[in-house]
Amino acid sequence: MNEMIRLEPNITGVPRTVVEPVEISGIERPVGAVVICSFLTANHDPEVWYDPDSFVSRRFTEPGVPRLLSFGGDRTIASAHRSRE
């Protein structure tokens, strides 16, 4: 199930409001700016996931697998995910 969600998340990202100035990808983001946390991009990052565009059913049974970013948009979403585990 996790591999299906990683490969094609049903929520591609969530907006977040910057609460203190931060530089992201070389661009300064001021307080109040809205940025999108992209689950789709993060869950396909080749620096994090080996063979990121392929379905690997055993991926989440292997040790050291990164945490899946497709849940946790807020406490409600994170709670709903925990109740399904």
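The values are calculated or read from the model by the stated rules, or taken from the named source; none is laboratory data. These numbers were taken from a predicted model, which means no experiment stands behind them. Surface accessibility is based on the protein's heavy atoms, side chains included, excluding ligands, DNA and RNA. Shrake-Rupley method; radii C 1.70, N 1.55, O 1.52, S 1.80 Å.
Considered as a group, the residues in segment 56-85 that are modelled with pLDDT of 70 or more and within 17 Å of the chain's Cα centre (by Cα) include one that is farthest from Leu7 (Cα to Cα), and that residue is Gly64. Can you find a residue that is at pLDDT below 90 and open to solvent by less than 50 Å² (accessible area, probe 1.4 Å) anywhere in segment 16-37? No, because not a single residue in segment 16-37 is at pLDDT below 90 and open to solvent by less than 50 Å² (accessible area, probe 1.4 Å). Among the residues making up segment 4-39, those that are aliphatic (A, V, I, L, M) and in a strand (DSSP E or B) are Val14, Val22, Ile24, Ile27, Val34, Val35, Ile36.
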